[in-house]
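Heads up: the structure comes next, in structure tokens.
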Amino acid sequence: MTELTTVNPATDKPIAEYPLMDKETAFEKIESAHAAFLDWREKTHAERAPYLNAIAKALRENVDDLAQLMTQETGKLLRDGKGEVELCAQIFEYTATQGPDLLADEERTHSGGKKRGIVAHCPIGVIYSIQPWNFPVYQPVRVLAANLMAGNAVVLKHAEICTGTGLMLKEICAKAGLPDGLFEVIIIDHDTSDEVIAHDLVRGVTMTGSDGAGRKIGQTAAKHLKKSVLELGSNDAYLVLEDADVELAVKTCVQGRLYNNGQTCVSAKRFVVTDAVYDAFVDAFVAQMKTIRMGDPTSDDTQLGPLSSEEQFATIKEQVEKSVAKGATLLCGGDPDDRTGQYYPATVLADCQPGSPAYDDEIFGPVAAIIKAKDDADAMRIANDSRYGLGGGIFTKDEDKALKLARDHFDTGMVRLNSFGTADPNMPFGGVKDSGFGREHGGFGMKEFVNAKAIYLP
């Protein structure tokens, strides 16, 4: 393949063609990023902040064009795309405001407290960012903002289907005044990507995607002694405990399962419901899922747009069919019509069994898996019975109980209590187990790719 074509999943019509770069061209981009880094690292954190604020302003000024392109390339609801751009602007502003203090030199002592020491958070160079298609602006931005503040340069390999969005983001940053080379975009195949990881000037690798892809990229990075941060998706469990507000739980869980057309790593996917409220929850949940309006992602009335690609549609369809074959009961949906576009309806599976995709795997689409638990303790056991550990949720009227479960028992990186959400600039984002390692946001991401340098003063 010498070029790639982006396709609108709502219409199945081609959008644009992009030539793939050869290794030499990709390496030139890395060298350009390194040259820009050598100048950028000389600036103080406070001197870098205005550039980030300028990018935030530029993002808001270009929100309509960015959101429209995201919708064309991935099928994202247009209003969700606009919300994504605003979140990205807030991330740049948060990083500009908080970064100088979070990355400031730290005073320490050594030699039994008799002498002074300094811990400096020093930039390391070019960071290679490999990002997925489901949040075409947010995914690159959460890496870019943190590393620009830290003093690094970033080279982005975006998902093929949203190549245009990656290039538009680069253009916006350049027009906002970001120095040339600090943010480069490369359009390459997987083999060339492995060679990029191995390049001497690449000092760190960050990737969001499947756990299978994460294993390969993580192994390649480790082989070349490059630090990596991996966010590898999940099969998040939302617990509906015996004393839950069922009406709130149903409303929130529908939102959590269908947000971004069901294609969110940290969305609600498994619903572990205690026997005491099972029938009430399932009846109301299925009733609401049946009312979901699926259609044109640019329409204000649409609640569910298309999946991102023909490949994604085929994957979801197969996962649902395999889950039913393994004993799951189809309560609604699961019957895509033959309309043009990659539209898969809101679907609910009950009686999901271990060994089936609905129980074991991440279904990256509008498919809810319901699992009955005997009681609260059994619900917690089922939630943790997963190779993943990114996020999760708990519905209960007892906040103290929920906090204890979240802190002491839920084996995930994030937990929501009586609510659903995706990310916040002031809270760490990341997971455990097969959901990967490392953290972004909340100040943690700014320190993932720095050299914590110990300086001993006499």
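Since every read-out is calculated from the coordinates, none of them should be taken as a lab result. Because the structure is a prediction, the values reported are computed rather than measured. Methodologically, a virtual Cβ is constructed for each residue, glycine included, from the backbone with ideal geometry; neighbour enumeration extends over all protein chains shown.
Here are the numbers for this structure:
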{"item": "Amide N proximity, the range 73-97 versus Lys43 label position 7 Å along Cα-to-Cβ, cut-off under 19 Å", "result": "89-97"}
{"item": "Summed side-chain charge close to Ala369 - residues other than Ala369 whose Cβ falls under 11 Å, Lys, Arg +1, Asp, Glu -1", "result": "-2"}
{"item": "Angle between the chain longest axis and helix 23-40 axis [Cα atoms, degrees, rounded to 10]", "result": "60 degrees"}
{"item": "Distance-filtered residues of the range 225-247 - backbone nitrogen under 18 Å, label point 7 angstrom along Asp400 Cα→Cβ", "result": "242-244"}
{"item": "Sites Thr11 and Arg79 - FRET efficiency at Förster radius 22 Å, r taken between beta-carbons, to 0.05", "result": "0.70"}
{"item": "As computed over the range 257-355, the Cα convex hull volume per residue (Å³)", "result": "115 Å³"}
{"item": "Two-site label geometry, Leu225 and Glu311: point separation in nm, points 7 Å out along Cα→Cβ", "result": "3.4 nm"}
{"item": "Residue pairs, from the table Lys13/Lys326; Lys216/Lys251; Lys76/Lys374; Lys433/Lys453; Lys43/Lys226; Lys226/Lys326, whose Cα atoms sit over 32 Å apart", "result": "Lys13/Lys326; Lys216/Lys251; Lys76/Lys374; Lys226/Lys326"}
{"item": "Crossing angle, helix 246-258 versus the chain [Cα axis fit, 0-90 degrees, rounded to tens]", "result": "60 degrees"}
{"item": "The chain: antiparallel DSSP beta bridges as a percent of all, rounded to 5", "result": "40 percent"}
{"item": "Between the range 265-299 and the range 64-116, the Cα center-to-center distance that results, in Å", "result": "31 Å"}
{"item": "Relative contact order %, the chain, counting alpha carbon pairs below 8 Å whose residues are six or more apart", "result": "19 percent"}
{"item": "Full-stretch length increase - Leu248, Gln353 - with 0.36 nm per residue and alpha-carbon distance subtracted", "result": "35.2 nm"}
{"item": "Estimated FRET transfer efficiency (Glu3, Asp191; beta-carbon r; R0 22 Å; 0.05)", "result": "0.90"}
{"item": "DSSP bridge pairs, the range 237-424: antiparallel proportion in percent, nearest 5", "result": "15 percent"}
{"item": "Convex hull volume per residue for the range 310-458, taking Cα atoms only, in Å³", "result": "172 Å³"}
{"item": "Efficiency of FRET from Cβ geometry, Asp275 and Arg407, R₀ 25 Å, rounded to 0.05", "result": "0.50"}
{"item": "Separation in nanometres of the label points that stand 7 Å from Cα toward Cβ, at Gln90 and Lys114", "result": "5.2 nm"}
